[in-house]
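Below: the structure, in C-alpha cells.
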C-alpha cells in the first residue's frame, strides 16, 4: 500500500503545481550594478525589508516599506510589492515569497533589484523610487503575427480602449476587460497617483498596439505598469469569480483523482485476496 500512497501524493503535487504555474511564471528581473559586502549591516536591512514584504502580502495585495538608517547602517532601503489584483491573500503571499526567493538568487549581493512574476512584482533599492513614475520599457512579447481579422482587431481595440479608460470615481490600479474572444488586463503599482497610473497605462497600451500590431496576443511591461491582451482567452482568469471557479475546479479534479486512485487500490487488494484464496483452494486439493 506504500506505493499507492506515493501515487496519491504525486497526484496532489501535480495539481498544486499546475494551480501555481500561472502566478509563478517568470516575466523579467533586473539588479543594480552596485554591490554590498556579504554580512554587512546593509544585508541585514535588505533581509528585514524583504521579510516585511512577505509578511504584509498575507493581508493585502500591495504595500511599500522604508527601512530607516540605524547606528550600524547608514543606508535607507526602500521596497514594495504588488500582486495581481485578482489574487487571494494566500496566493499573493506565496507569489511574493517565491519572488523574494528568486531575487535572492538573481540579485545576490546587489544593493537593488526588481523581479516580476506573472502574479506579483517585487522591488527594492537604496535609492528612493516610491511614488516616482517610471515608464521605462522593461519587457515586450508579441504572439504570432498571423494577422487578426478585422472583427478580431476591432475587439482587441475595444478591450485596450476600455483598459485605458479612466473614471475618477471608480479608479482602479488593476483593470480587466473582454469583448468576444478578446481579453485584456492592465495594472499599475500602488505607489502611483491616479494621474500617474493613467499616464503609464496609456503609454503601455499605445506601445502595445504599435509594436505588436496584428499579433494574436501581446504583453507590454513598463517599470511601474503593464498591459496585456489576447485573442482566444489567454488571460481568461482575470477576476475573483474566475479565480474561485478555477480553485473549485482544481478541488473537484483532485477529489476525482483521489477517488480513482483509491478505487484502483481497492481493486488491487481485492484481486490479491482472490489470488490467495485460489492458491489455498488449490493447495487444499
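The values are calculated or read from the model by the stated rules, or taken from the named source; none is laboratory data. This one's a predicted model, so the numbers in the text were calculated from it and none came from an experiment. Note that each Cβ is placed from the backbone with ideal geometry, even for glycine, and that neighbours are counted across all protein chains shown.
So which of 78, 42 is within 13 Å of residue 126 (Cβ to Cβ), assigned to a helix (DSSP H, G or I), in contact (Cβ under 8 Å) with a residue 12 or more places away in the chain and not assigned by TED's automatic domain parsing to the domain that holds residue 189?
On the way: 78 fails: assigned to a helix (DSSP H, G or I).
None of the other options fit; the residue is 42.
No other residue among 178, 168 is surrounded by 15 or more Cβ atoms within 10 Å (Cβ to Cβ), more than 29 Å from residue 67 (Cα to Cα) and at pLDDT below 95 apart from 178. Within region 158-174, can one find any residue that is in contact (Cβ under 8 Å) with a residue 60 or more places away in the chain, within 18 Å of residue 120 (Cα to Cα) and touching a strand residue (DSSP E or B) at 6+ places or on another chain (Cβ under 6 Å)? Yes, region 158-174 has at least one match. Taken over region 81-105, residues that are buried (at least 19 other Cβ atoms within 10 Å of the Cβ) and touching a residue at least 60 places away in the same chain (Cβ under 8 Å) amount to 10. Among the conditions (1) at pLDDT below 95; (2) surrounded by 20 or more Cβ atoms within 10 Å (Cβ to Cβ); (3) in a helix (DSSP H, G or I), residue 200 misses just one, which is (1).
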